[in-house]
Structures are given as C-alpha cells and as structure tokens.
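Report on the following structure.
The values are calculated or read from the model by the stated rules, or taken from the named source; none is laboratory data. Nothing here was measured: the structure is a model prediction, and the numbers come from that model. Virtual Cβ from ideal backbone geometry, glycine too; neighbours counted across all protein chains shown. Keep in mind that these areas ignore ligands, DNA and RNA; they rest on the heavy atoms of the full protein, side chains included. Shrake-Rupley method; radii C 1.70, N 1.55, O 1.52, S 1.80 Å.
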Amino acid sequence: QVRLVESGGELVQPGGSLRLSCAASGSIAHIYYMGWYRQAPGKQRELVASIDSRSDTTYADSAKGRFTISRDNAKNTVYLQMNNLKAEDTGVYLCNLRGQESTYTSVKIYWGQGTQVTVSS
C-alpha cells in the first residue's frame with residue numbers, strides 16, 4: 001500500500017513563502033505523475049501544479065510565476081515552492097500520485113491527508 005505524507009503548511013503573511021513536501025512510502029515501482037491540489041472552504045478541489053515522469057510541469061493560472069513544483073525521484077518526494085503568497089492561496093493542499101505498485105498491477109491514484117496553508121495578516 002502506498003502512503004503519502006504532506007508537510008510544510010502553516011500560517012504565513014501575505015507576500016511570504018512556504019515549501020510543501022509530499023513523501024510517498026510503501027511499495028511503488030513506477031510513479032507517473034505527482035500533483036498538488038488545493039481544497040478551499042466552499043470551493044471545488046482544484047489542481048495547483050503537477051509534474052510527470054518526464055518532469056513536464058503544469059500550473060494553474062493562479063500559480064504561474066509564483067509556485068514551482070519539483071520532484072526528487074530517489075526519495076519519491078514532490079515539493080511545491082510557493083512565493084508571494086496571497087490570501088486566495090489559503091486552503092488544504094493535498095498531494096496526488098498516480099503510479100503502479102509493480103509492473104504487473106494497474107495504475108492507481110493515491111491521495112494524502114493534506115496540509116493546511118493559511119495566508120493572513
């Protein structure tokens with residue numbers, strides 16, 4: 001079973017920075033995609049940034065120019081560097097992974113429990 005553990009969320013002032021981490025543990029042979037999603041109160045869960053196995057990245061328009069996603073394949077960890085944070089960035093940030101536990105199993109989707117980011121003065 002694959003487990004995702006996020007960390008790095010906290011209360012920060014507008015204009016500040018945070019670095020989120022998501023570490024995947026357990027039996028995972030192939031990781032095809034890792035992404036960060038945001039769940040804000042009263043809003044739908046939305047993609048913030050993603051990175052695939054070729055290190056191609058995708059960003060929400062709101063994240064472009066401020067956020068950077070990266071991954072450490074040796075550690076099965078994905079990071080989200082967030083700069084110039086705004087109040088609208090507030091929410092629970094959830095890590096998402098798509099991969100195979102072995103070459104003979106199907107591709108599965110995994111979610112972490114999330115880490116709270118609050119941007120407020």
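Residues that are without any contact (Cβ under 8 Å) to a residue 40 or more places away in the chain and in contact with a Leu (Cβ under 9 Å, 6 or more places away or on another chain) are absent from segment 1-20.
Residues of segment 87-101 that are out of contact with any strand residue (DSSP E or B) (no Cβ under 6 Å at 6 or more places or on another chain) and modelled with pLDDT of 95 or more: GLU88 alone.
If you filter segment 103-112 down to residues that are closer than 24 Å to ARG19 by Cα and more than 11 Å from the chain's Cα centre (by Cα), you find that the one that is most open to solvent (accessible area, probe 1.4 Å) is ILE109.
Can you spot a residue in segment 73-86 that is under 23 Å from VAL2 (Cβ atoms), of a type in the set (D, E, K, R) and at pLDDT below 95? Within segment 73-86 (the criterion being under 23 Å from VAL2 (Cβ atoms), of a type in the set (D, E, K, R) and at pLDDT below 95), the answer is yes, since at least one residue qualifies. Kindly evaluate ALA60 against the criterion of being free of Cβ contacts under 8 Å to residues at least 40 places away in the same chain, closer than 24 Å to VAL2 by Cβ and of a type in the set (Gly, Ala, Ser). Taking the combined requirement at face value, the residue does not satisfy it. The set of residues from segment 66-102 being more than 16 Å from the chain's Cα centre (by Cα) and either open to solvent by less than 90 Å² (accessible area, probe 1.4 Å) or of a type in the set (D, E, K, R) (or both) comprises ASN84, LYS86, ALA87, GLU88, GLN100, GLU101, SER102. If only residues of segment 21-53 that are free of Cβ contacts under 8 Å to residues at least 24 places away in the same chain and under 21 Å from SER102 (Cβ atoms) are counted, the one that is most open to solvent (accessible area, probe 1.4 Å) is SER53.
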